[in-house]
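The numbers here are math on the coordinates, done by the rules we state, and not lab data. Quick caveat: nothing in here was measured; it's all calculated off a predicted structure. Glycine also receives a Cβ, built like all others from the backbone with ideal geometry; neighbour counts cover every protein chain displayed.
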Amino acid sequence: MYEACQYEAYDRVFLQLGPFPIYWYGVLIMLGAVIGLIMATQESKRLNLHKDFFVDLLVFAIPAAIVGARLYYVAFEFQNYNSLIDVIDIREGGLAIHGALIASVLVTYFYTKIKNVSFWKVADIAAPSILFGQMLGRWGNFMNQEAYGGPISQSAYQNFHQYIPDWIMNNMCVDGVYHHPTFLYESMWSLLGIILLLVLRYKVNPRRAVIFLSYVMWYSAGRFFIEGMRTDSLYLVGDLRVAQLISVLLIMGSLYVLYYRRKHGYDRVLYDGTRLDKPQSKNKKKKKKK
């Protein structure tokens, strides 16, 4: 039966080194980055990309992602920050994943230009790794007891949430009431997305850009609906949630890029590097008929 809950939140600190705490959030983020790096490195070997390419890329991409995530968040909560110290202090959270993605994609784009490597090749390889990092990072939100949804109704609890392990639901007890574990919803959505991307990679071998853009659309679709349940959203105007607007724009943008690449013949290379035959021009076809 659904009842008021009384549980203490888990300790956010993974390890205390003297006066310096190491938080679970940071540990899980770094673990996701390391595992994602291993995944990308193994795949890059298969596709004849230099084995250290992603190691070198992350030297620039990780700091850019942290800065981008913070600036994005602060931009929409600027009224709550009174000094530069407040802006750079991330001990209490305040990082937005969309900001991290935008910054890291920009860094990757310019890095691939410098290295004379296909951006879409790198993006396709990295997509499952990025989603894995996001999946694991949401458990950092769990340990921080943040990024949860509104209170759970009695019927929802009885029909679904009572079957979720107690150690998860206990940490979703906030102010004596169970809240939606939206971190869990997004984590599971990301897991399904990883499976989808790996099927595309190994079973379908689609045209370049399809895997990365599928990741963008998959994540954005899930985020749109899950964001509507959260209690800590960033708002643009009134009830318009920033993450939902960005998610819609990313889905529309991804579809347009797929259309544009197909229309102009920029998608003549498959994921594994196989080049498709160039389509014959209309003039050549006419000559052959003659």
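Of the chain, which part is the longest with no GluC sites (Glu not before Pro) in a loop (DSSP not H, G, I, E, B) and with at most 11 other C-beta atoms within 10 angstrom? For GluC sites (Glu not before Pro) (loop position, at most 11 other Cβ atoms within 10 Å), the longest site-free span of the chain is 93-290. Neighbour counting of Cβ atoms within 10 Å sorts the residues M252, M30, fewest neighbours leading, into M252, M30. Taking amide H atoms as placed 1.01 Å from N in the peptide plane, the amide H of Y235 lies under 5 Å from those of V242, each 5 or more residues away in sequence or on another chain. The angle between the Cα long axis of helix 53-76 and the longest principal axis of the Cα atoms of the chain comes to about 50 degrees, rounded to the nearest 10. Peptides 218-226, 47-55 ordered by packing proxy, namely the average of other Cβ atoms within 10 Å per residue, highest first: 218-226, 47-55. Between the helical axis of 97-115 and the longest alpha-carbon principal axis of the chain there is an angle of about 30 degrees. Considering only the other residues whose Cβ falls under 10 Å of the Cβ of L258, what net charge follows from Lys and Arg at +1 and Asp and Glu at -1? Spelling it out: positives minus negatives among the neighbours equals +3. Using 0.36 nm per residue and subtracting the Cα-Cα separation, the extra length available between F78 and L236 on full extension is 55.7 nm.
Which of V107, V34 comes first, and how do the rest follow, when ranked by fewest Cβ neighbours within 10 Å?
With the sparsest Cβ surroundings first, the list reads V34, V107.
Multiplying the residue separation of L192 and F110 by 0.36 nm and subtracting their alpha-carbon distance yields 26.5 nm. Rg and Dmax of region 140-192, both derived from C-alpha coordinates alone, stand at 10.6, 32 Å.
Based on the Stokes-Einstein relation at 20 °C and a viscosity of 1.002 mPa s, and on the Kirkwood radius from alpha carbon pairs, the chain is assigned a translational diffusion coefficient of 101 µm²/s. Multiplying the residue separation of F160 and E8 by 0.36 nm and removing their Cα-Cα distance gives an extension gain of 52.5 nm.
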